[in-house]
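*Asks:* Shown below is the structure under consideration.
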Amino acid sequence: VPGISQRMLTVTLRNLERDGLVSRTVYPTIPPKVEYRLSDRGRSLRCAIVPIAEWVTDNREGIEESQRRFDSDFNCAPQAADNK
């Protein structure tokens, strides 16, 4: 996954596994191979996530304009954490 460290990816996937959202399969190969798949519980989130993703897509330009206006009004530069 571009833009994420191997450690952060591993920690995130392990947390998703712990929550029962993904299943992990380890293959006895050299080098080791691990696959993650959405579990039934993980797939069930699709019904909740798709409308949120659509809302973000529909509102992205307006949100970005609001951010620019806010930053301009307060004469401040956006923080790195705000540029997601």
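Any read-out appearing in this document is the output of simple, stated calculations on the displayed coordinates, not a laboratory observation. Bear in mind the structure is a predicted one, so any value in this text is a computation, not a measurement. Positions of Cβ are generated from backbone atoms using ideal geometry, with glycine treated the same way; all protein chains shown enter the neighbour counts.
*Asks:* Counting only C-alpha contacts under 8 Å and six or more residues apart, can you give the relative contact order of the chain as a whole percent?
*Replies:* The normalised contact order for the chain reaches 16 percent.
*Asks:* In addition: Calculate the FRET efficiency for Ile63 and Thr29 from the Cβ-Cβ distance with a Förster distance of 35 Å, rounded to the nearest 0.05.
*Replies:* My answer for the efficiency is 0.20.
*Asks:* What are the extents of the Cα atoms of the chain along their three principal axes, in Å, largest first?
*Replies:* 58, 29, 18
*Asks:* Oh, and also: Given a Förster distance of 30 angstrom, what is the FRET efficiency for Asn15 paired with Val56, based on the Cβ-Cβ distance and rounded to 0.05?
*Replies:* It comes to 0.85.
*Asks:* Could you derive backbone 3J(HN,Hα) for region 44-56 from the dihedral phi with the Karplus parameters 6.51, -1.76 and 1.60 (θ = phi - 60°), listing whole Hz in sequence and x where the residue is Gly or Pro?
*Replies:* 3J(HN,Hα) across region 44-56, in whole Hz: 5, 5, 3, 4, 8, 7, 4, x, 5, 4, 5, 4, 4.
*Asks:* Using helices alone, I'd like the mean residue ellipticity at 222 nm for the chain: each DSSP H run of four-plus residues gives -39500 (n - 2.57), total over residue count, nearest 500.
*Replies:* For the chain, the value works out to -18000 deg cm²/dmol.
*Asks:* Want the number for Leu38 to Ser72: 0.36 nm per residue separation, take away the alpha-carbon distance, what's left?
*Replies:* Roughly 8.0 nm would be gained on extension.
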